[in-house]
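Every number in this text was worked out from the coordinates using simple rules, so none of it is lab data. The structure presented is a predicted model; accordingly, all values stated were derived computationally and were not measured. Don't worry about glycine lacking a Cβ; one is built from the backbone with ideal geometry, like all the others, and counts go over all protein chains shown.
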Amino acid sequence: MNEQFLQYIWKYRLLNPDLLTVAGERLTVLHPGIQNTDGGPDFFNARIRISETVWAGNVELHYRSSDWIRHRHQFDPAYENVILHVVYENDQVIRQKQRELMPTLVMKNNFPSSIEDRYNEIMQNRNWIPCSRLLNGNASTVVRFWAPALAAERLNAKSSFIFRLLDEYSDWDEVLYILLSSGFGFRINALPFELLARSIPLKIVRKNADKLFSLESLFYGQSGLLGMHPRGKYPCSLQAEYRHQQSKYALKPLKQGIWKRLRLHPLNFPDIRISQLVQCLFSCKAEPGILINITEKDRLERFFQLSASEYWSTHYRFGKSSGKHEKKMGLPSASLLLINILAPYLFAYGSARDVSPLRMRALELLENMEGEENHETRMWRSLGVRAGNALESQALIQLKRNYCDHRRCLECRLGIKVLDKTFLK
Ligand code: SF4
């Protein structure tokens, strides 16, 4: 039992209908008021009736009535307009300034104990989703209605990183270039790809934007993947071109050891993804900003289904030949770039410039895309909660990571339902 739970009971009017104040007067809650998350009373502008008199003002909740004194509210003018003190236990008589008794409601035994039982069960449960035992077929519908707000929360959280990059570079194109590059590393090599982009300023990429081979030499040389003594015609040519560019632009390459291949499918090896990133930059002429002008989801998906250069048709790594196989980015990977990079960028760009249509486009882009297939969405599905599109899969990820994992059940729209006994299986 905590104050947050008591506030929840008050806010959602879950108290029993027949209430009496500590003084024995009949109490009716006409409106619980607006919850205040800043300093001051917990609820503003509540309306209650005590006996025959209607009161409008603020409500303060505490676990014990003595907390009023402990928190020194008797000396704080912000609490002068409190019309009702709602407590779980009345362990001390509280008087207002004029020495009158503070109208007090004791919550203990005044709300259904089943709500508290279910709340305690969720708080103690160690399942992947703590309320999973209480979910029923309505859960998908609840999430579907909440999905736009949850997905917007997730995009908003991702915007923080984008704004930090903007602070650093003061250039939206440079920010998108770094983000896109990190996207080509997907989860495992996102950081090395970000560092690779940071090591080659966009202005240098632009100077070489019309020469695919020069771009390849820049990126492979900077990645450190060419090694000291490359073998084969193509790697040696890249090395020679890179040496020239390295001294021209005073570049410092990354260490080869930062790249990860363990447990990666060879198609995801950084060697292949770098070639596809270079294709991406070559295709947009090193102007990544043009991508946000493309409004058709299909066109964007097609754009990102990029093929690695010819050498990689017979290689997964430099110097090690393999059977012939075109290394083209598949639709699922292209979609991930849209979901994880373009949509957050659009949203952040729209937020910074206060352009709502851009934020809406980010949400619509997600809504028009298939939901991701990953561990989190599979787990939700096993509980009967399905993501119908990427907006909903992003919403489910947000719900799990930002609500369930922190037990924010009292702020969760599913929580409101599962604590209500009519929602039980
Ligand atoms: S945050 Fe919501 S979905 Fe997650 S465990 Fe709590 S009530 Fe359930």
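Quick rundown of the values:
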quantity: Where only C-alpha atoms are counted, convex hull volume of segment 192-278 per residue in Å³; calculated: 96
quantity: Rg in Å to one decimal, and Dmax rounded to a whole Å, for segment 53-161 via C-alpha atoms; calculated: 20.3, 54
quantity: Segment 169-214-segment 291-327 distance, computed between alpha-carbon centres (Å); calculated: 17
quantity: Relative packing of peptides 129-138, 337-346 - highest average C-beta neighbours within 10 Å first; calculated: 337-346, 129-138
quantity: Rounded if a/c under 1.5, otherwise prolate or oblate - segment 3-111, Cα gyration tensor axes; calculated: rounded
quantity: In order through segment 291-304: 3J(HN,Hα) via Karplus (6.51 cos²θ - 1.76 cosθ + 1.60), integer Hz, x for Gly, Pro; calculated: 5, 6, 7, 7, 9, 7, 4, 4, 5, 5, 4, 5, 4, 7
quantity: Inverse of mean 1/r across different Cα pairs in segment 272-425, Kirkwood, Å; calculated: 18.1
quantity: Amide H contacts of residue 61 (H built 1.01 Å from N, under 5 Å, at least 5 apart or other chain); calculated: 42, 86
quantity: Distant-in-sequence amide H partners of residue 104 (H built 1.01 Å from N, under 5 Å); calculated: 22, 23, 85
quantity: Per-residue [θ]222 nm for the chain (sum of -39500 (n - 2.57) over DSSP H runs n ≥ 4, rounded to 500); calculated: -14000 deg cm²/dmol
quantity: Value of relative contact order over segment 171-329, rounded to a whole percent, pairs C-alpha under 8 Å and six or more apart; calculated: 24
quantity: In sequence order, calculated HN-Hα J values of segment 46-62 (Karplus, 6.51, -1.76, 1.60; Hz; x Gly/Pro); calculated: 6, 10, 9, 10, 10, 6, 9, 9, 8, 10, 10, x, 9, 10, 10, 10, 9
quantity: In segment 16-76, the GluC sites (Glu not before Pro) that fall in loop regions by DSSP, at most 13 other Cβ within 10 Å; calculated: 52
quantity: Close Lys-Lys pairs in segment 171-329, where close means Cα under 22 Å and separation is 8 or more or interchain; calculated: 27
quantity: Computed Kirkwood radius, in angstrom, where 1/r is averaged over Cα pairs of the chain; calculated: 25.6
quantity: Volume of the Cα convex hull of segment 137-201, divided per residue and given in Å³; calculated: 97
quantity: Cα-only radius of gyration and Dmax that characterise segment 83-229, units Å; calculated: 28.7, 89
quantity: Loop-located trypsin sites (Lys or Arg not before Pro) in segment 243-322, at most 13 other Cβ atoms within 10 Å (DSSP); calculated: 255, 263, 285
quantity: Burial order of peptide ranges 64-71, 179-186, 383-390, 80-87 (average beta-carbon count within 10 Å, highest first); calculated: 179-186, 80-87, 383-390, 64-71
